[in-house]
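I'd like to ask you about the structure that follows.
The values are calculated or read from the model by the stated rules, or taken from the named source; none is laboratory data. Being a predicted model, the structure only gives us computed values, none of them experimental. Note: ideal-geometry Cβ built from the backbone for every residue, glycine included; neighbour counts use all protein chains shown.
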Amino acid sequence: MDYKGPSVATYEDIARAAGVSTATVSRVLSGNGSAVSAARTEKVRRAAAALGYRSNRAARTLRRRQADAVGLVFSDVENPFFASIARAVEDVAARRGHAVVLCNTDEDLERERFYLDLMMEEQVAGVIVAPSTETPDRLLPLADAGIPTVTVDRTLQGNPFDSVLVDNRAGTEALVRDLLDHRHRRIAAIIGTTAATPSRERLDACAQTVASVPGASLVVGEGKLRDAVGTARTMALAGRLALELLETSAEPPTAFFCGNAVILQGVLGALHSAGQRVPDDVALVGFDDLPLFALLERPLTVAAQPTEELGRTAAELLFQRMDDPAAATRGVRLRPDVRFRHSCGGGH
């Protein structure tokens, strides 16, 4: 789905038409092009006019009112995981005198590009982003424009930016090992898009852990979630996929590993509606923790991510990068808190 924002043309469009870099376009159109030659400036302005580019006046007004804003570009702000990170970032930014602008991409690449272009257009003080893919192309123009950038929850190929995320492999291995220790040998993994770092790493770790036990097998339910947009739709699709695996498999899974709290809620709700008891009929574990999961009659075993620490660390990395642009790139991994409860039961 194409995302149409206030500007018909993006910085990338103008850069291609003018034969210059995106950073040059950013400098010229944001009024900071004193170091750009007159010839290149004219090329940029002509290309912008030809493509019907219009500056986002509302965003420019916001920038005047809230100087030194920090941009947050996340995939789903409804997801409690990202909401908690955003709150922690805002707390750190406020102490430094910075405002925060929150953007939601729904994992849509065009929408993500629009917001990243907007960050360059407005020359924000820095950007914290959970990128939709691991390819760095869309974010490199931020570096070219001199905008400090940190990735959170995801990494990029080559690690060109500071980053912070959890140790997905350690959390997954602990959860799946607990299922295997409870004698489960047919395990289903329901995850989000493997274009994102967490899903890919969790799926890899899940598959490797299952493969380490003779006779254990893994079925992966991922395809239908690739295009899921928003928390409600992801929950519904995850629940439907879980029931399909139970009802149509020649040897139905006895346990589910869920990639995040949204998927976990969807599967839990679907199992309850279908009369499947956890863990008596089927075991259930997953990433992230919510208050609900601990309040169930049989509380869920989960790998809780330190969301507040993720947000604080991302903000601290960003401000350190602002203070020392030439410092070596840093990558931080935080350990999840694996909470063993009562949702694994016994295998069949």
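Taking region 236-264 as the region of interest, how many residues are within 30 Å of Phe74 (Cβ to Cβ), surrounded by fewer than 23 Cβ atoms within 10 Å (Cβ to Cβ) and without any contact (Cβ under 8 Å) to a residue 40 or more places away in the chain?
Result for region 236-264: 6.
Quick check, is Pro198 buried (at least 24 other Cβ atoms within 10 Å of the Cβ) and under 30 Å from Ala326 (Cα atoms)?
In short, yes.
Yes/no per residue for (1) at pLDDT 90 or above; (2) under 23 Å from Thr329 (Cα atoms); (3) touching a strand residue (DSSP E or B) at 6+ places or on another chain (Cβ under 8 Å):
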residue	(1), (2), (3)
Ser37	no, no, no
Ala47	no, no, no
Leu62	no, no, yes
Ser75	no, no, yes
Asp106	no, no, no
Pro131	yes, yes, yes
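What residue, among those in region 21-35 that are under 14 Å from Pro141 (Cα atoms) and at pLDDT below 80, is surrounded by the fewest Cβ atoms within 10 Å (Cβ to Cβ)?
Checked region 21-35; the qualifying residue surrounded by the fewest Cβ atoms within 10 Å (Cβ to Cβ) is Ala23.
Among the residues of region 73-104, how many are touching a Ser or Thr at 6+ places or on another chain (Cβ under 7 Å), among the β-branched types (Val, Ile, Thr) and outside any helix (DSSP H, G or I)?
Residues in region 73-104 being touching a Ser or Thr at 6+ places or on another chain (Cβ under 7 Å), among the β-branched types (Val, Ile, Thr) and outside any helix (DSSP H, G or I): 1 in total.
What pairs come up if the first residue lies in region 313-339 and is among the hydroxyl-bearing types (Ser, Thr, Tyr), the second is surrounded by fewer than 20 Cβ atoms within 10 Å (Cβ to Cβ) and assigned to a strand (DSSP E or B), and their beta carbons are under 8 Å apart, counting only those six or more places apart or on different chains?
Between residues of region 313-339 that are among the hydroxyl-bearing types (Ser, Thr, Tyr) and residues that are surrounded by fewer than 20 Cβ atoms within 10 Å (Cβ to Cβ) and assigned to a strand (DSSP E or B), the close pairs are Thr313/Val332; Thr313/Leu334.
What's the total number of residues in region 137-178 that are among the acidic types (Asp, Glu), touching a residue at least 12 places away in the same chain (Cβ under 8 Å) and assigned to a loop (DSSP other than H, G, I, E, B)?
Qualifying residue count, region 137-178: 2.
Can you find, within region 179-192, the residue that is nearest to Thr24 (Cα to Cα) among those that are outside any strand (DSSP E or B) and hydrophobic (A, V, I, L, M, F, W, C)?
Per the criteria, the residue is Ile191.
So is Glu134 acidic (Asp, Glu), within 22 Å of Leu310 (Cβ to Cβ) and outside any loop (DSSP other than H, G, I, E, B) or not?
No.
Right, something else. So which residues in region 133-147 are surrounded by 22 or more Cβ atoms within 10 Å (Cβ to Cβ) and either farther than 26 Å from Ala83 by Cα or in contact with an Asp or Glu (Cβ under 8 Å, 6 or more places away or on another chain) (or both), if there are any at all?
Across region 133-147, the qualifying residues are Pro141, Ala145.
Name every residue in region 135-173 that is of a type in the set (Ser, Thr, Tyr) and more than 30 Å from Thr301 (Cα to Cα), in order of residue number.
Selection gives Thr135, Thr149.
Looking at region 1-20, which of the residues that are within 29 Å of the chain's Cα centre (by Cα) and surrounded by 16 or more Cβ atoms within 10 Å (Cβ to Cβ) is modelled with the lowest pLDDT?
Ser7
A further question follows. From the list Leu284, Leu271, Leu241, Leu246, pick out the single residue that is within 21 Å of Val210 (Cβ to Cβ) and not in a helix (DSSP H, G or I).
Leu284
Condition first: crowded, with 16+ Cβ neighbours inside 10 Å, at pLDDT below 80 and either part of a helix (DSSP H, G or I) or more than 22 Å from the chain's Cα centre (by Cα) (or both). Now tell me which residues in region 201-230 satisfy that.
Result: Leu225, single match.
So, one more: Since Arg233 meets every condition but one in (1) of a type in the set (Lys, Arg); (2) free of Cβ contacts under 8 Å to residues at least 12 places away in the same chain; (3) crowded, with 19+ Cβ neighbours inside 10 Å, which condition does it not meet?
Every condition holds for Arg233 apart from (3).
Take the residues of region 287-322 that are buried (at least 23 other Cβ atoms within 10 Å of the Cβ), among the aliphatic types (A, V, I, L, M) and assigned to a strand (DSSP E or B): which is farthest from the chain's Cα centre (by Cα)?
Per the criteria, the residue is Val302.
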